[in-house]
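This report concerns only the one structure given below.
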Amino acid sequence: MTNYTPVASEETLNLQEIDAISLQEAYYALQKELDETKKRNENLEAQLDTLRNAQYEINTQKEYLEVIVGELETQNTAVEIQKKQLIDSVKALESSKNELSAKNLIMIDVVAKLETKQGEVEMQRQYMLEIINELEESKIEISQQNLVLEQTTEIVKRAYGNITDSINYAKRIQDALLPNKDLLKDWFQDYFILFKPTDVVSGDFYWFTQVKNKVVVIVADCTGHGIPGAFMSILSIESLHYIVNVQGIDDADQIVNQLHENTRLLLRQHETKNMDGMDIAVVIVDLKHKILEFAGANNPLVLIKNGEMHHIKADRFAVGGYQKEDKREFTKHIFHVTEGDSFYIYSDGYQDMCGGADSRRFISQRFRRVLREISAKSMPAQKTILKKIMKFWLRREVKHLDDILVMGIQI
């Protein structure tokens, strides 16, 4: 194979030269453009630096503004809160204003009422001044009346003292008429007398005496108590003394019958229709033959015989007072007794005393049950028990309302 090497022609060389010139020119143009571009870039860089500086300033200002905005927002929130509080305060003030207006109206009304009241008070003051003047005028009259009252009081005191002295004297008379209790020791093994009048003197009384071999024992309750009862008791004691010791009557029923007739006669009850009298229990014990007689007007007998209790009722009418039958006859009861038996006679004061938890009567059934339960004890011990029961039963009452008399005797 044959190698072929092209050879440049003149035309080709000229073109190359032309291209070189163009390239050079192009290079210079490009270099110039590059320089200009570089300048522009430098300008751009400068502008970019300016922009960056501007951006930094902007960012800095933005951050500052954001801080300011945050503070403003915080302040705005606080302002809103204050605004709300202010609105609430305004509302509260409005409400207070309304309340104050209402209170003001009330105060105006109160002031008006006070002014009216002041006028009334002034009228009352004037009225009181008039009363004071009248009282001053009455003071002298009252002083005079006080003097009269003091004089009257002194008279009443003297009269009361005289009455008290009279009652005490009447008590001495009544006590003198009552028999000596120690006499019972001569006739019986043991005894007790529980005697509690409601007043200084009493309508209840006890009486006993001996006729031959018989002992007469009596407990009586006259109409009323205090002074009226005492008058009746003195009258009755004197009548019994006459019947038993003078006339010598020694039958229980006949003693009560005769006392009934004497009372009606002495008080002229056929004419005056006087109703005074007494309830009475009469016991006669024949010491020799050991026989016990009983007669009673409303007052019963309780007999403890061989350890058993016997309740002997009295006739259901009184000595003296109203009598519808032609002749009043009382019943006689007779019992054989032995040594150690005991009996009780009493007025209605103990069984009728009111007290206990609900102010009830003690009642006769309860009283007889107590007598049965204590009958085995000595007579002084029985009296002590009866007094304690009485104190307990009457603990809520000021005083007992009737004379109390209980007599217990052991044969």
Item to complete: Filter segment 260-289 down to residues that are among the hydrophobic types (A, V, I, L, M, F, W, C) and crowded, with 18+ Cβ neighbours inside 10 Å and give me whichever is modelled with the lowest pLDDT.
Response: LEU267
Worksheet item: Within segment 346-368, can one find any residue that is within 15 Å of LEU303 (Cα to Cα), crowded, with 16+ Cβ neighbours inside 10 Å and of a type in the set (A, V, I, L, M, F, W, C)?
Response: yes
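Conditions tested, residue by residue: (1) surrounded by 12 or more Cβ atoms within 10 Å (Cβ to Cβ); (2) at pLDDT 75 or above; (3) basic (Lys, Arg).
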| site | (1), (2), (3) |
| --- | --- |
| THR37 | yes, yes, no |
| TYR56 | no, yes, no |
| VAL69 | yes, no, no |
| GLU80 | no, yes, no |
| LYS84 | no, yes, yes |
| LYS91 | no, yes, yes |
Item to complete: Being polar (S, T, N, Q) and modelled with pLDDT of 75 or more is the filter here, so list the residues in segment 119-151 that pass it.
Response: GLN124, GLN126, ASN133, SER143, GLN144, GLN145, ASN146, GLN151
Worksheet item: Has segment 165-172 got any residue that is under 30 Å from VAL285 (Cβ atoms) and crowded, with 17+ Cβ neighbours inside 10 Å?
Response: no
Discussion item. Taking the criterion of being under 17 Å from LEU301 (Cα atoms) and over 36 Å from the mean Cα position of the chain (by Cα), would at least one residue in segment 383-402 satisfy it?
Written reply: no
Worksheet item: Looking at this structure, is ASP279 charged (D, E, K, R) and closer than 18 Å to THR209 by Cβ?
Response: no
Response to the item:
Looking across segment 198-227 at residues that are under 42 Å from the mean Cα position of the chain (by Cα) and surrounded by fewer than 24 Cβ atoms within 10 Å (Cβ to Cβ), the single one that is nearest to VAL256 (Cα to Cα) is THR223
Response to the item:
Matching residues in segment 228-259 (surrounded by fewer than 17 Cβ atoms within 10 Å (Cβ to Cβ) and within 50 Å of the chain's Cα centre (by Cα)) number 1
Item to complete: Could you check, for segment 268-276, whether at least one of its residues is under 54 Å from the mean Cα position of the chain (by Cα), within 18 Å of ILE409 (Cα to Cα) and assigned by TED's automatic domain parsing to the domain that holds THR223?
Response: no
Practice prompt. Answer with yes or no whether ILE304 is at pLDDT below 95 and of a type in the set (A, V, I, L, M, F, W, C).
Written response: no
Discussion item. Criterion first (within 20 Å of SER347 (Cβ to Cβ) and either hydroxyl-bearing (Ser, Thr, Tyr) or surrounded by fewer than 24 Cβ atoms within 10 Å (Cβ to Cβ) (or both)) does PHE192 satisfy it?
Written reply: yes
Worksheet entry | Enumeration of residues in segment 222-253 that are touching a residue at least 12 places away in the same chain (Cβ under 8 Å) and either over 28 Å from ARG172 (Cβ atoms) or among the polar types (S, T, N, Q) (or both) | THR223, SER233, SER236, SER239, ASN245, GLY248, ASP250, ASP251, ALA252, ASP253
Fill in: Count - residues of segment 221-259 that are in a loop (DSSP other than H, G, I, E, B) and among the acidic types (Asp, Glu)
2
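The values are calculated or read from the model by the stated rules, or taken from the named source; none is laboratory data. Fair warning: this is a prediction, and the values are worked out from it, not measured in the lab. Neighbour counts are summed over all protein chains in view; Cβ atoms, including those assigned to glycine, are modelled from backbone coordinates with ideal geometry.
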